[in-house]
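One structure is given below, encoded as structure tokens.
The values are calculated or read from the model by the stated rules, or taken from the named source; none is laboratory data. Predicted model, so just to flag it, every value in this text is computed and none were measured. So basically every Cβ, Gly included, is an ideal-geometry build from the backbone, and we count neighbours across all protein chains shown. When the accessible area is computed, the model is the full protein with side chains, heavy atoms only, and any ligands, DNA or RNA have been set aside. Shrake-Rupley method; radii C 1.70, N 1.55, O 1.52, S 1.80 Å.
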Amino acid sequence: NPSLVVAGGETSGLFISRDTGQTWTQAGLRGERITSMAFSPQPDSRSEAPILVVGTTADSELETLGLGEPVARIQAPGRIYWIKLPADAPVIKPTKVCEVADFGVTNMAFDTQRNFMNFATTRGIYYTWVHCAHYAKRQVGTSADRLFTAIASRPFDKWSNLTCASPLSSNEQSPVYFTTKRSRSWSAWSEDSRASGPHGDLALNAGISCLLPDTEDSKTLFLCNRHGVFKTVDSGKSYKLVLRATPQ
């Protein structure tokens, strides 16, 4: 629905616009520190209402994210909410489906159907299944308890084609990891974590903030880090800097 827009903030909660941003309504979650949101690719199976997933962050994780001092202390853990948005409901009734202390959700990506979803967090990658009744932490690389912000999925049909993720910073050889098995197991996408070119030898795994797999070409992926935007067209065997970050 192109007219449905949502916005979340640090302490004021969730806002919803049903007229493409012309008017807004405070819809709940006041006092929650919202850091990530995404619409499910499928509506609720019974009511056909859109489904919104909301991730929040605990105060303790703001320093991890480098966001500075909060406007107000809320003393709440990190949470994930699964929310139905019926057209006739001015205030939503969120279902809290995950709560972890010292935890914050930074990004999210759906996998296959609305029931399957990967979360990038300040404490690694989490995965949910069975209508989000269960969550599990996934081992991505050699360490599971690291800050992730970069996670993305290629468009899917009946089965997952590709979900990729990367820690924000790492000393490991591969800057990117991927799964094609609903997050059950992850493999290294790249054999080398550096790219050589006219700008010198640049580290790929230095501050990776986002990843974007090409929607059609399975060998093409974009990577953004503190050096700029990189592109690979050979499944991570080599990268080219296509947009250099502006010097500070």
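When the range 8-54 is filtered for residues that are open to solvent by less than 40 Å² (accessible area, probe 1.4 Å), among the aliphatic types (A, V, I, L, M) and not in a loop (DSSP other than H, G, I, E, B), the ones remaining, listed by number, are Leu14, Ile16, Ala27, Ile34, Ala38, Ile51, Leu52, Val53, Val54.
Of everything in the range 164-185 that's touching a Ser or Thr at 6+ places or on another chain (Cβ under 7 Å) and outside any loop (DSSP other than H, G, I, E, B), which residue is farthest from Ser153 (Cα to Cα)? Step by step, filter the range 164-185, then rank; the result is Tyr177. Within the range 57-69, residues that are modelled with pLDDT of 70 or more sit with their Cβ atoms under 7 Å from residues that are open to solvent by 60 Å² or more (accessible area, probe 1.4 Å), at 6+ positions apart or across chains, in these pairs: Ala58/Ala101; Ala58/Asp102; Asp59/Arg73; Asp59/Gln75; Ser60/Asp102; Glu61/Asp102.
The residue of the range 132-148 that is surrounded by the most Cβ atoms within 10 Å (Cβ to Cβ), among those that are part of a loop (DSSP other than H, G, I, E, B) and at pLDDT 85 or above, is Val140.
Cβ-Cβ contacts under 6 Å between residues 6 or more apart (or on different chains), taken from a first residue in the range 121-144 that is closer than 17 Å to Asp111 by Cβ to a second residue that is surrounded by fewer than 22 Cβ atoms within 10 Å (Cβ to Cβ) and β-branched (Val, Ile, Thr), are listed as Cys132/Val97.
Being surrounded by 12 or more Cβ atoms within 10 Å (Cβ to Cβ), within 23 Å of Asp145 (Cβ to Cβ) and under 21 Å from the mean Cα position of the chain (by Cα): is that true of Thr57 here?
Against the criterion (surrounded by 12 or more Cβ atoms within 10 Å (Cβ to Cβ), within 23 Å of Asp145 (Cβ to Cβ) and under 21 Å from the mean Cα position of the chain (by Cα)), Thr57 qualifies.
Among the residues of the range 96-114, those that are open to solvent by 30 Å² or more (accessible area, probe 1.4 Å) and modelled with pLDDT under 80 comprise Lys96, Val97, Gln113. For the condition loosely packed, with under 13 Cβ neighbours inside 10 Å, in contact with a Cys (Cβ under 9 Å, 6 or more places away or on another chain) and assigned to a strand (DSSP E or B), Leu223 does not qualify.
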